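Enquirer: The structure is given below, and queries will be raised subsequently.
The values are calculated or read from the model by the stated rules, or taken from the named source; none is laboratory data. Source: prediction; values computed, not measured. Here Cβ is always computed from backbone atoms with ideal geometry, including for glycine, and neighbour counts include all displayed protein chains.
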Amino acid sequence: MDKRFLNLFNLTEEQAIALLDTPYDQVSEDDSRYIAASHLINFSSENSIQALMRAIQQTDPALENRIVRRKSVETLGRLEAKQALPVIRTCLAEDDCYTVENAVWAIGEIGTQDAEILEEIAQLLEKPGQTYRVIIHTLTKLDYQPALDRIRRFVNSEDAPISSAAIAAVCRFTRDFTNMQKVVALLQHPNVFARRLSIQDLIDAKYYDAIPQIARCPVSLVFRLRGIRMLAEQGIPEGEITFAAVQPYLEQTLFDHPNTLDLVHRNEQVPPLITLIRDLYETDFGRAYLATQTLLDHYSDVAPAALFATYEEEANNDYGAHFHVMKLFGWLQHAPAYDLLVEALHNRQPQFQKSRAAAAIALGQLGDRRAIPELKKCLEARIWDLKYTAIMALEKLGDLSGYEGSDPDWLVQAKINSFK
């Protein structure tokens, strides 16, 4: 289990269980049963699972309690707790659509081939006010073919993510990919959530032809990498695609230059420098990438000083902006940023893990060979994209020594093998 976030709530397992077992109207102002339910993701013990099940069975309709029940269902799903299926199943009949949504999602995470449970989920497609996308996604994931005709009704939904999920499900069940281009087109949707969710649907449909378009989708590279990696993990063993075919798009995504993306946002005129710096903090990475490209095109002479300033003021605590700032120092080939990039390369704080790979790419762009031993240290990391980008940076710096061994991550190993 990944334990990087274990201490965020400063609770032991026993304390979290005790807090979760406390009736909601007896909890002190300084405590939170919701946090307790969240924290138990770190403990897959029977005690934690039973406590989360008990929380679900506390059915007081008060909003505070409903929120804790929803979170408990989610946590059990993330723990893939099979023994909790009967309790989670009872939530499918509830009036609270968010509890139902979490129950459907959790069942999908745990997995089941119980036809009665799957039919209960399918029947929710006929119930008004439900989160149909999650229902369709779960039925597709669990390969419940009897739901096909009911899912087909949502193919032309006005809600793009629902339509996308339905098209992907029909394609997966029927192996007819005629309409998948409609899902691919959503990679350029104005709404960032529609773009992200379309990647999931392309994964679900095993639509390998979309890998090049996923690589160009203007969302966080986390979503693009997940899509490309999962499609590769499905398609390569099946002989549908090869690593050699995937590699250029994987590395394009890891490199992550904005000119390799099909940006959906536009500037009618060049914004002021301060506006572009603020856009690096946007949660819609499409806007952040547009700002990055504009800074490179129009402000390359003054951008470094502005980036150092925003780093000192805010970006050192904002993991999204931190990521973009690290990348920009590399694209600008700003040598004075070397020490900051090395610091980011070795930053083990959980929220800044994405920036470590960004720093590796940036150090490769700087061309300073002092970075070679620093990058080689990263080859011992457990984070696959950090190892892969470190190798890419070392390749850029002209040092390909030391790759004779094996790596536990198959993508990193495939990259090493490509040198032989």
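Enquirer: Give the residues of the stretch 36-65 that are without any contact (Cβ under 8 Å) to a residue 40 or more places away in the chain, assigned to a helix (DSSP H, G or I) and surrounded by fewer than 18 Cβ atoms within 10 Å (Cβ to Cβ), sorted by residue number. Write out each step before concluding.
Expert: Narrowing the stretch 36-65 to residues without any contact (Cβ under 8 Å) to a residue 40 or more places away in the chain: 36-41, 43, 45-63.
Applying the additional criterion that residues be assigned to a helix (DSSP H, G or I) yields 36-41, 46-56, 63.
The answer is GLU46, ASN47, GLN50, ARG54, LEU63.
Enquirer: Considering only the stretch 270-281, I want to know if a residue exists there that is buried (at least 20 other Cβ atoms within 10 Å of the Cβ), of a type in the set (Asp, Glu), within 21 Å of ILE391 (Cβ to Cβ) and out of contact with any Gly (no Cβ under 9 Å at 6 or more places or on another chain).
Expert: No: zero hits.
So that you can scan it fast, the table gives a plain yes or no per residue for (1) surrounded by fewer than 22 Cβ atoms within 10 Å (Cβ to Cβ); (2) within 22 Å of the chain's Cα centre (by Cα); (3) of a type in the set (D, E, K, R):
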position: THR292; (1), (2), (3): no, yes, no
position: LEU296; (1), (2), (3): yes, no, no
position: GLY320; (1), (2), (3): yes, yes, no
position: PHE323; (1), (2), (3): no, yes, no
position: LEU345; (1), (2), (3): no, yes, no
position: SER355; (1), (2), (3): no, yes, no
position: ALA359; (1), (2), (3): no, yes, no
position: GLY364; (1), (2), (3): no, no, no
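Enquirer: Of a type in the set (Ser, Thr, Tyr), over 25 Å from ASP399 (Cα atoms) and modelled with pLDDT of 95 or more: does that describe THR294? Steps first, please.
Expert: Numbers: of a type in the set (Ser, Thr, Tyr): yes; over 25 Å from ASP399 (Cα atoms): yes; modelled with pLDDT of 95 or more: yes.
Criteria met by THR294.
Enquirer: Sticking with this one: Return yes when ALA315 is in contact with a helix residue (DSSP H, G or I) (Cβ under 6 Å, 6 or more places away or on another chain), surrounded by 23 or more Cβ atoms within 10 Å (Cβ to Cβ) and within 18 Å of LEU273 (Cα to Cα) and no when it is not.
Expert: yes
Enquirer: The conditions are (1) in contact with a His (Cβ under 7 Å, 6 or more places away or on another chain); (2) surrounded by fewer than 22 Cβ atoms within 10 Å (Cβ to Cβ); (3) within 30 Å of MET230 (Cβ to Cβ), and PHE255 fails exactly one of them. Which is it?
Expert: Exception for PHE255: condition (1).
Enquirer: Given the conditions (1) outside any helix (DSSP H, G or I); (2) closer than 30 Å to PRO336 by Cβ, report the number of the one that LEU296 does not fulfil.
Expert: Failed condition: (1).
Enquirer: Filter the stretch 160-174 down to residues that are within 11 Å of LEU139 (Cβ to Cβ) and either surrounded by fewer than 24 Cβ atoms within 10 Å (Cβ to Cβ) or in contact (Cβ under 8 Å) with a residue 60 or more places away in the chain (or both), then give me how many there are. Talk me through it step by step, then tell me what you get.
Expert: Residues of the stretch 160-174 within 11 Å of LEU139 (Cβ to Cβ): 165-166, 169, 172-173.
Filter again for either surrounded by fewer than 24 Cβ atoms within 10 Å (Cβ to Cβ) or in contact (Cβ under 8 Å) with a residue 60 or more places away in the chain (or both), leaving 172-173.
Adding up the residues that qualify gives 2.
Enquirer: Kindly state which helices (runs of 4 or more DSSP H) lie completely within the stretch 346-420 and contain at least 3 residues that are under 18 Å from ALA232 (Cβ atoms).
Expert: Correct list: 384-396, 410-417.
Enquirer: Moving to a separate point now. Can you confirm whether the stretch 144-151 contains a residue that is free of Cβ contacts under 8 Å to residues at least 40 places away in the same chain and assigned to a loop (DSSP other than H, G, I, E, B)?
Expert: yes
Enquirer: Here's a follow-up. Could you check, for the stretch 263-270, whether at least one of its residues is basic (Lys, Arg), outside the structural domain of ALA360 (by TED's automatic domain parsing) and assigned to a helix (DSSP H, G or I)?
Expert: no
Enquirer: How about the stretch 127-174: which of its residues are of a type in the set (Lys, Arg) and either at pLDDT 95 or above or farther than 16 Å from ILE203 by Cβ (or both)?
Expert: Those that are of a type in the set (Lys, Arg) and either at pLDDT 95 or above or farther than 16 Å from ILE203 by Cβ (or both): LYS127, ARG133, ARG150, ARG152, ARG153.
Enquirer: Tell me which residues, restricted to the stretch 189-214, are within 19 Å of ASP262 (Cα to Cα), over 15 Å from the mean Cα position of the chain (by Cα) and among the hydrophobic types (A, V, I, L, M, F, W, C).
Expert: Across the stretch 189-214, the qualifying residues are ALA210, ILE211.
Enquirer: Are there helices (runs of 4 or more DSSP H) fully within the stretch 158-230 with at least 3 residues that are farther than 20 Å from THR131 by Cβ and outside the structural domain of ASP284 (by TED's automatic domain parsing)? List them.
Expert: 160-174, 180-185, 211-215
Enquirer: For GLY227, work out the one condition from (1) farther than 18 Å from ILE416 by Cα; (2) out of contact with any Cys (no Cβ under 9 Å at 6 or more places or on another chain) it doesn't fulfil.
Expert: (2)
Enquirer: Among all residue pairs at least 6 apart or on different chains, which show Cβ distances below 6 Å where the first residue, located in the stretch 319-346, is more than 15 Å from ALA303 (Cα to Cα) and free of Cβ contacts under 8 Å to residues at least 24 places away in the same chain and the second is hydroxyl-bearing (Ser, Thr, Tyr) and assigned to a helix (DSSP H, G or I)?
Expert: The qualifying pairs are ALA344/SER355.
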